[in-house]
Amino acid sequence: MVIGNAEIASLISPLLFDDSYRFSDVETLDRFLMGNSVNADAEQPEISGSPLSCVVLDSFRAKLQDKKLLLLGVTCARRRYLVLLDLKSRRAVQTLLWAGAGWPKYYWEIAFPDSSVNSRCVLKLKKILGFWAIQPRLTMSLTISVRNQRDKRAKTVLKYKIFNVLEEFVDGLVTTEKSTFLQLEGVRGFDQALQKAHKKMVTAAIPARVFADELAERLQQIAAGESVEQPQLDPAERAGEAIISLLSAATSEMLAHTSGLLQDIDTEFLHQYRVNLRKIRSLLKESRSVIDTASLQPHLAFFKRLSALTTPVRDYDVHLLMVDDWSRRHHEHALVNQLQPLKQLIEGKRKKSWNTLVRFLSSEEYQHAMTAWQRYLSTGSRSEKPITVRELAARRIQKCYKDLLSDGRKLDKASPDEAFHDLRLDMKRLRYLLEYFAPIFPTRDYALIFKQARTLQSVLGDFHDITVQKSVLMHYADELQERGSTAPGTFVCLGFLLQEMGGNHHSLRDQFHDVFCLISAEENVHFVNELHKKANP
Amino acid sequence: MTKVISLFNIKGGVGKTTTTVNLAYASAKAGFKTLLWDMDPQGAASFYFRINNKVKGGFDGILNGTHAIADQVKGSDFPDLDILPADMSYRHMDRELDEVGKSPLKQMKKLLQPLFDEYDYVFVDCPPHLSEAVAAVIILSDLLIIPTIPTVLSMRTVKQLRKFISKEQKINTPFRILFSQVDSRRKMHKEMVAYFLEKKSKAICVNNVPVMSDIEKMGLVRAPIASFAPTHRAAKIYEGLFLEVVDCFLDKKLKSIAN
Ligand SMILES: Nc1ncnc2c1ncn2[C@@H]1O[C@H](COP(=O)(O)OP(=O)(O)O)[C@@H](O)[C@H]1O
Ligand SMILES: [Mg+2]
């Protein structure tokens, strides 16, 4: 049986969204139907023909579910379909016949047939998923069948649609759950039979929730298991205590991303691992005055080493993403395949540094260091300095902002790239300070200056990337040339890549000037001073 | 836009009901929302779908608005196929239409249009006499199919009927003649069909329905033939006939584009 996209959606949607009655198993339902002289007859075979198998596809922490979307992979009669469902409006948004061997791993592999809806859907998926991989999170197999209730003329007066679901979900262990859902389908003009059956169901069936809600809840459970509770910061709290709880949360985040990192599911796990590692390191630097620094030394050394080991892997990841992104944007380009040798070169390098990293992460040394760090967080001595976290935060922000302004004012458009680099570090520091302490200052002005800092940092970050990445690309080109066997097309492609980057160099310098004007504006100076004044009475 | 196809002949036993039932099934099977209106008080078409030929409140009730016509519709056992059952009261349709006053055509239109709008195709199994109500339905139809047995006498009846419909009733609904119960062992049947096929007359359906004992079985099983014998030759013939019907409307559309 060949089923079209629309049919697949219309097979699945009722199970997910329509009201149904639930029976503990098929046998109980059979007994009930037999008692009501409902027979399975040969004229009405199973609707789905063969069992359907479904996978709920979602990211780490089920980000799609969080945004009320459900992505299903459905296999039916050896064909595969992708169905995107909207949990809010309770309907299938898009369906497509999936030709790939496995299921899509990233949002950009998905192209829905309806081009206008497609661009909207893909944009949405992009916003939600970014570089996070899509993984099978729940699996189930189901059969759909219909049985008829007939009157004394043998006329069908009511249809019983039966969904037999075998669910499998992973929550530490693999758990399976069987459920039988029943939906009543009235026949026009025979309303009495339908009403009678509904009445009987009240006692016969287990009241069931809409199945989509149950699936969503299971995904929420999965996500909760992968998530870390964020600390509630009281601005008046002792700075030492508050910093420790921020450090603890960042450490939990690191740990939460470790398993995905080790499995190398996607580049985001390492990225998030590093984001939190950086947070720990810079918080430690900013709060030397309020926590005991003497006993910190070994931890600082450990984090520095960890950071050094993760950096090359992340850099190669970024280069690969860059090459992939370029290839996707120029997929119709004749030379696009010629980038393969470059990709292989980077992949080889990445593999090496990844192995080194994983060896360290799996080592006893790492285990010991992490345990020691966690012990420090739970028991380590804190300085009793009577300063609130608000005071500390305002002080650090003011100091950092002052440094930034003096470094920035020394610059003009003609300054060398290196001068921009120093400022970039100031900017990075300010941006993270503002980010880490944001929960303490829930005001609009604060959010505004944070936003500006983020923009300026991303301009400077791009600028840095371009100057640094450009030389890295040149380096790759040299290596390929030394090998001798690389086709000229590869170098042509590399040339295009470099050209695209170079083109942005000047515009970024101009942008930098604009954004610096914004962040150094009088009201921001005033705001930072006020922040300091209010926090330090 | 809903297309209404009525099947009519003043002669009984020519295959009107059999054709309507199987055409409607083919239409629903092709995925179109389909209504079969069993207008014949005998209720043979309703019988084939195991439906009681009784309409609540009768035609009278529908006409004076105490019973909505949409509430009389019954679902068949098949997806996308509904039946508006027959009723003995249809015998008095003309008289009742008369009593209401206004033109029967306007009355029928007002009554049926909202219901018909729910469907892609409506097939009407007409009773074998040309009452005012039947005439109104034929006028409302987009196509009239006249099933007939290929004998000289039957063809004469058809000719008279056509003359009556177009000249005296001034009805210009497009029509097709469908040869039904064609018996290939009978020389006259064979010659008649061959003659018209050769003429390539547009008024004759290309598909014709031979005499087949399995078609008679429909009365025992009480279901369209394609539902219990989907690979049977008859099933294919009705499928082909339905495509011819669809084609009639396509033609028209193309013509209107050309104009
Ligand atoms: N092609 C056919 N082969 C055999 N019997 C047929 C065929 N078409 C109709 N019949 C039988 O002829 C009888 C009259 O057919 P029916 O469709 O009820 O005609 P009408 O509606 O014109 O009165 C029915 O018993 C039916 O089973
Ligand atoms: Mg009849």
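The values are calculated or read from the model by the stated rules, or taken from the named source; none is laboratory data. Everything numeric here is computed off the predicted structure, so don't read it as measured data. So basically every Cβ, Gly included, is an ideal-geometry build from the backbone, and we count neighbours across all protein chains shown. To get the accessible areas, we keep the full protein, side chains included, count just its heavy atoms, and leave off ligands, DNA and RNA. Shrake-Rupley method; radii C 1.70, N 1.55, O 1.52, S 1.80 Å.
Scanning the range B:87-125 for residues being within 17 Å of the chain's Cα centre (by Cα), within 14 Å of chain A (Cβ to nearest Cβ) and open to solvent by 60 Å² or more (accessible area, probe 1.4 Å) gives a total of 0. Within the set A:L123, A:L182, the sole residue that is away from chain B (no Cβ under 14 Å) and in contact with a helix residue (DSSP H, G or I) (Cβ under 7 Å, 6 or more places away or on another chain) turns out to be A:L182. Considered as a group, the residues in the range B:138-159 that are more than 16 Å from ligand 1 (Cβ to nearest atom) and outside any helix (DSSP H, G or I) include one that is surrounded by the most Cβ atoms within 10 Å (Cβ to Cβ), and that residue is B:S141. Within the range B:160-174, not a single residue is assigned to a loop (DSSP other than H, G, I, E, B), at pLDDT 90 or above, open to solvent by less than 40 Å² (accessible area, probe 1.4 Å) and within 14 Å of ligand 1 (Cβ to nearest atom). Which of the residues spanning the range B:191-224 are among the aliphatic types (A, V, I, L, M) and within 16 Å of ligand 2 (Cβ to nearest atom)? Selection gives B:V209, B:I215, B:M218.
Number of residues in the range A:63-101 that are among the acidic types (D, E) and open to solvent by less than 70 Å² (accessible area, probe 1.4 Å): the value is 1.
If you go through the range B:45-81 and keep only what is open to solvent by 60 Å² or more (accessible area, probe 1.4 Å) and either within 9 Å of another protein chain (Cβ to nearest Cβ) or assigned to a helix (DSSP H, G or I) (or both), you end up with B:F47, B:N52, B:D60, B:D71. Scanning for something open to solvent by 50 Å² or more (accessible area, probe 1.4 Å), in contact with a Phe, Trp or Tyr (Cβ under 6 Å, 6 or more places away or on another chain) and within 16 Å of ligand 1 (Cβ to nearest atom), does the range B:208-221 turn up at least one residue? Yes - at least one qualifying residue is present in the range B:208-221.
Quick one: would you say A:I144 is within 22 Å of A:R78 (Cα to Cα), touching a Phe, Trp or Tyr at 6+ places or on another chain (Cβ under 8 Å) and open to solvent by less than 60 Å² (accessible area, probe 1.4 Å)? The answer is yes for A:I144. Evaluating B:L84 against the criteria (1) within 16 Å of ligand 2 (Cβ to nearest atom); (2) within 14 Å of chain A (Cβ to nearest Cβ); (3) open to solvent by 20 Å² or more (accessible area, probe 1.4 Å) leaves one unmet condition, (3). Among the residues of this structure, B:S6 counts as one that is within 15 Å of ligand 1 (Cβ to nearest atom) and either in contact with a strand residue (DSSP E or B) (Cβ under 6 Å, 6 or more places away or on another chain) or within 14 Å of chain A (Cβ to nearest Cβ) (or both).
Evaluated against (1) touching a residue at least 24 places away in the same chain (Cβ under 8 Å); (2) more than 30 Å from A:L166 (Cβ to Cβ); (3) not small (G, A, S), A:V210 falls short on exactly one condition, (2).
Name the helices (runs of 4 or more DSSP H) wholly inside the range A:422-537 in which the number of residues that are touching a residue at least 40 places away in the same chain (Cβ under 8 Å), open to solvent by 70 Å² or more (accessible area, probe 1.4 Å) and in contact with a helix residue (DSSP H, G or I) (Cβ under 9 Å, 6 or more places away or on another chain) is 3 or more.
A:488-519
Among (1) open to solvent by 50 Å² or more (accessible area, probe 1.4 Å); (2) within 30 Å of A:S363 (Cβ to Cβ), there is one condition A:Q221 misses while meeting the rest; what is its number? It is condition (2) that A:Q221 fails.
Residue by residue, here is whether (1) within 22 Å of the chain's Cα centre (by Cα); (2) part of a strand (DSSP E or B); (3) in the same structural domain as A:I144 (by TED's automatic domain parsing) holds:
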site: A:S53; (1), (2), (3): no, yes, yes
site: A:R61; (1), (2), (3): yes, no, yes
site: A:L64; (1), (2), (3): yes, no, yes
site: A:L70; (1), (2), (3): yes, yes, yes
site: A:T75; (1), (2), (3): no, yes, yes
site: A:R80; (1), (2), (3): no, yes, yes
site: A:V83; (1), (2), (3): yes, yes, yes
site: A:S89; (1), (2), (3): no, no, yes
site: A:Q94; (1), (2), (3): yes, yes, yes
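The single condition from (1) open to solvent by 40 Å² or more (accessible area, probe 1.4 Å); (2) under 20 Å from the mean Cα position of the chain (by Cα); (3) touching a residue at least 12 places away in the same chain (Cβ under 8 Å) that B:S184 fails is (2). With a requirement of 2 or more residues that are acidic (D, E) and buried (at least 19 other Cβ atoms within 10 Å of the Cβ), the helices (runs of 4 or more DSSP H) lying completely within the range A:232-297 that satisfy it span A:267-286. For the range A:330-364, the set of residues classified as free of Cβ contacts under 8 Å to residues at least 12 places away in the same chain and more than 23 Å from A:W108 (Cα to Cα) consists of A:G348, A:K351, A:K352, A:N355, A:R359, A:S363, A:E364, listed by residue number.
Restrict the check to the range A:318-328 and report whether at least one residue is under 30 Å from A:I243 (Cα atoms), among the hydroxyl-bearing types (S, T, Y) and part of a helix (DSSP H, G or I). No: zero hits.
For the range B:18-40, filtered to residues that are of a type in the set (S, T, Y) and within 9 Å of ligand 1 (Cβ to nearest atom), the residue that is nearest to the chain's Cα centre (by Cα) is B:T20. Taken over the range B:1-44, the criterion of being assigned to a strand (DSSP E or B), within 21 Å of B:A234 (Cβ to Cβ) and within 13 Å of ligand 2 (Cβ to nearest atom) is satisfied by B:L7, B:L36, B:D38.
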